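Shown next, in structure tokens, is the structure this report addresses.
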Amino acid sequence: MQVEGTRLYRVRDVAEHFDVSVATIYRAIESGQLTALKLGTGTGTFRVAGDAVLAYAESCVRAAYDSWFPGDTSAEETVGERVSSGGGSAGVAR
């Protein structure tokens, strides 16, 4: 899925993009790691903005990088460029 910054995505679509379960995306929303809009009343439904998907991908890439290379900041620019250029999920460890 090519992520467009201004588009809204279903939780299921975001989960497929990252190749994770829907529950994982809901946990990221509940913990504040992933920003989402709640539509409707009661249980409602969530939509995730494309910009939020890209920001979440970048944070996942940074977390993966930091776990492999603690304290190394030399690749921070590269990580941000990879995510913003559309290679978002390519850098996420699976």
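Coordinate-derived values only; no laboratory data. Being a predicted model, the structure only gives us computed values, none of them experimental. A quick note on method: Cβ atoms are made from the backbone with ideal geometry, for glycine too, and the neighbour counts reach across all protein chains shown.
Observations on the model:
- Residue check, residue 16 more than 13 Å from the chain's Cα centre (by Cα) and acidic (Asp, Glu): no
- Within region 43-70, being touching a residue at least 12 places away in the same chain (Cβ under 8 Å), out of contact with any Leu (no Cβ under 7 Å at 6 or more places or on another chain) and among the small types (Gly, Ala, Ser) holds for 50, 55, 57, 59, 64.
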